[in-house]
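Single-structure report; data block below.
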Amino acid sequence: MAAEQDPEGRAAARPLLTDLYQATMALGYWRAGRARDAAEFELFFRRCPFGGAFALAAGLRDCVRFLRAFRLRDADVQFLASVLPPDTDPAFFEHLRSLDCSEVTVRALPEGSLAFPGVPLLQVSGPLLVVQLLETPLLCLVSYASLVATNAARLRLIAGPEKRLLEMGLRRAQGPDGGLTASTYSYLGGFDSSSNVLAGQLRGVPVAGTLAHSFVTSFSGSEVPPDPMLAPAAGEGPGVDLAAKAQVWLEHVCAHLGLGVQEPHPGERAAFVAYALAFPRAFQGLLDSYSVRRSGLPNFLAVALALGELGYRAVGVRLDSGDLLQQAQEIRKVFRAAAAQFQVPWLESVPIAVSNNIDEEALARLAQEGSEVNVIGIGTSVVTCPQQPSLGCVYKLVAVGGQPRMKLTEDPEKQTLPGSKAAFRLLGSDGSLLMDVLQLAEEPAPQARQELRVWPPGAQEPCTVRPAQVEPLLRLCLQQGQLCEPLPSLAESRALVQLSLSQLSPEHRRLQSPAQYQVVLSERLQALVNSLHARASP
């Protein structure tokens with residue numbers, strides 16, 4: 001699948017989006033005659049992000065698109081030739097020109113799955129030189145996508161299922177690629193929509209947005225719309241001068257609120273009228289350009305009630321400053337009173353949207369019962385992941401030529417698990433998650449309702465578990481460069497996120513001081529680890 005033939009593929013990484021040492025190692029492998037040695041790497045993380053007990057696997061769609069389009073072009077090879085030693089054998093560069101991923105096989109956690117430390121997000125096997133070159137691009141594609149999806153899922157858990165969450169962080173994102181990734185995977189993690197139009201075009205993310213303060217403050221009130229007439233929503237009857245109708249309603253609204261008719265800002269009202277003329281079926285008022293109570297709210301009510309006379313209903317208001325919770329509660333009271341006063345029942349349930357540097361703490365306050373907030377826009381706190389800016393994924397060699405490889409180091413946390421592996425999730429009789437098991441690929445799979453001896457991390461002795469259900473975790477998604485099954489849509493992966501989170505126990509799902517989910521080893525895998533340690537000991 002060439003990127004040029006695939007609109008979404010335009011967002012994929014390029015082969016030279018990599019570290020130089022991948023190219024220098026490739027030359028070393030080639031010079032040693034090992035370019036085609038069969039090798040397997042695993043991509044995983046060592047600790048769950050944000051102090052939590054779970055992460056979400058994301059970025060697989062981007063990885064598959066990258067792998068299927070992987071090809072070093074002449075310009076790529078020429079550049080590598082310019083940064084490698086000048087006496088490099090030209091045959092090496094001819095080898096690079098021939099490379100693709102037609103011999104690469106990938107097993108992976110499905111996009112949107114729960115992921116835990118040490119369990120591979122990806123297993124990548126193929127010719128050693130090729131799969132080495134894939135390290136940095138795959139880490140780049142998976143690490144941030146999984147981080148931002150997990151961050152979004154945490155925010156969704158805080159907000160609860162009823163609040164609508166809008167991602168609006170493109171202007172604060174780490175460059176255009178980071179912005180597109182954040183918009184895509186915040187939606188996967190549980191957000192409802194994004195302000196990012198490109199994410200809508202390329203990825204199918206629902207987009208949303210209305211107006212900014214600049215639109216409101218650009219009007220002085222002296223502007224005359226070229227066509228102030230608005231036809232009734234039903235399409236029958238003569239048009240009405242919306243500005244004039246709003247002015248009439250302003251007098252009623254100000255009398256109801258105890259305000260002078262001159263207090264609401266005329267430019268703000270003119271802006272609301274202009275926006276309502278452009279979007280009569282999607283009118284939303286941004287209330288805090290001047291004073292919410294003395295200007296924004298009465299001006300909104302005047303225009304909304306004028307629209308209501310014509311059969312249209314305003315779709316919401318937005319706040320972007322001040323005490324958002326208190327203001328939302330006060331606005332809801334005004335809506336309820338005005339709905340009764342003017343006998344327009346729909347007015348009392350007009351959605352209230354808020355934004356303004358909302359983090360987890362602020363979100364928890366806005367999500368509390370009785371907050372009256374319906375829509376919450378979050379930018380910086382979702383796209384930049386300020387609590388932890390990196391997931392810390394690694395890509396480690398586990399086998400060459402069918403023989404296990406293990407990184408042994410003085411730092412136990414950085415040691416790797418050797419050999420080609422399989423991973424399984426053990427579930428209880430109620431469907432709750434018990435633990436994940438890593439074992440050697442050639443071992444028989446665990447069976448439901450049968451005892452299994454496993455080694456928890458750091459344990460001196462194995463323990464026994466009897467799962468009610470067993471789920472294989474890693475699915476074959478690319479075999480010898482060929483896609484094994486259609487990739488799920490982004491919406492399908494988003495649904496998997498919510499299903500996966502529902503299976504997680506409250507103790508593991510809580511965001512502060514959660515219980516840690518166990519990832520254990522089979523007896524044979526533990527024995528292999530022990531034997532390799534023993535061999536390396538002096």
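The values are calculated or read from the model by the stated rules, or taken from the named source; none is laboratory data. All of these numbers come straight from a predicted model, not from anything done at the bench. Don't worry about glycine lacking a Cβ; one is built from the backbone with ideal geometry, like all the others, and counts go over all protein chains shown. Only protein heavy atoms, including side chains, enter the accessible area calculation; ligands, DNA and RNA are left aside. Shrake-Rupley method; radii C 1.70, N 1.55, O 1.52, S 1.80 Å.
Structure summary
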item: Distant-in-sequence amide H partners of residue 285 (H built 1.01 Å from N, under 5 Å); result: 316, 317, 318
item: Residue (of 489, 422, 339) at the positive-pole extreme of the chain, dipole from beta-carbon charges; result: 422
item: Surface share of carbon and sulfur [accessible, 1.4 angstrom probe, percent] for segment 1-121; result: 52 percent
item: Qualifying trypsin sites (Lys or Arg not before Pro) for segment 243-306 [loop in DSSP, other Cβ within 10 Å: at most 12]; result: 281
item: For residue 55, distant residues with modelled amide H under 5 Å away; result: 115
item: Only Lys, Arg (+1) and Asp, Glu (-1) charged, at Cβ; segment 162-384 dipole about Cα centre in debye; result: 100 debye
item: Charge-dipole axis of the chain as Lys and Arg at +1 and Asp and Glu at -1 on Cβ define it, positive-most pick from 441, 212, 322; result: 441
item: Percent accessible area from carbon and sulfur atoms, segment 162-384, protein chains only, probe 1.4 Å; result: 52 percent
item: Per-residue ³J(HN,Hα) for segment 391-408, Karplus 6.51 cos²θ - 1.76 cosθ + 1.60, θ = phi - 60°, Hz, x for Gly and Pro; result: 7, x, 5, 10, 10, 10, 6, 10, 7, 9, x, x, 9, x, 10, 9, 7, 10
item: Estimated vicinal HN-Hα couplings, Hz - segment 198-205 in sequence order (Karplus 6.51, -1.76, 1.60; Gly, Pro = x); result: 5, 5, x, 5, 8, 10, x, 6
item: Heavy-atom accessible area per residue - the chain, 1.4 Å, Å²; result: 45 Å²
item: In segment 346-438, chymotrypsin sites (Phe, Trp or Tyr not before Pro) in a DSSP loop with at most 11 other beta-carbon atoms within 10 Å; result: none
item: Mean-position separation - Cα centroids, segment 474-538 and segment 338-384, in angstrom; result: 36 Å
item: Helix runs (DSSP H) in the chain reaching 15 Å along axis by Cα, Kyte-Doolittle at least 0.0; result: 20-31, 135-159, 242-257, 266-278, 297-309, 490-503
item: Dipole magnitude (debye, nearest 20) for the chain, charges at Cβ of Lys, Arg, Asp, Glu; result: 640 debye
item: Helix-derived mean residue ellipticity, 222 nm - over the chain, DSSP H n ≥ 4, -39500 (n - 2.57), to 500; result: -11500 deg cm²/dmol
item: Dipole-positive endmost among 138, 244, 185 within the chain (Cβ charges, Cα centre); result: 138
item: Volume of the Cα convex hull of segment 162-384, divided per residue and given in Å³; result: 132 Å³
item: Amide H contacts under 5 Å for residue 435, placed H, 5+ residues apart; result: 426
item: Mean Cβ neighbour count within 10 Å, used as a protection proxy, ranking 167-177, 144-154 highest first; result: 144-154, 167-177
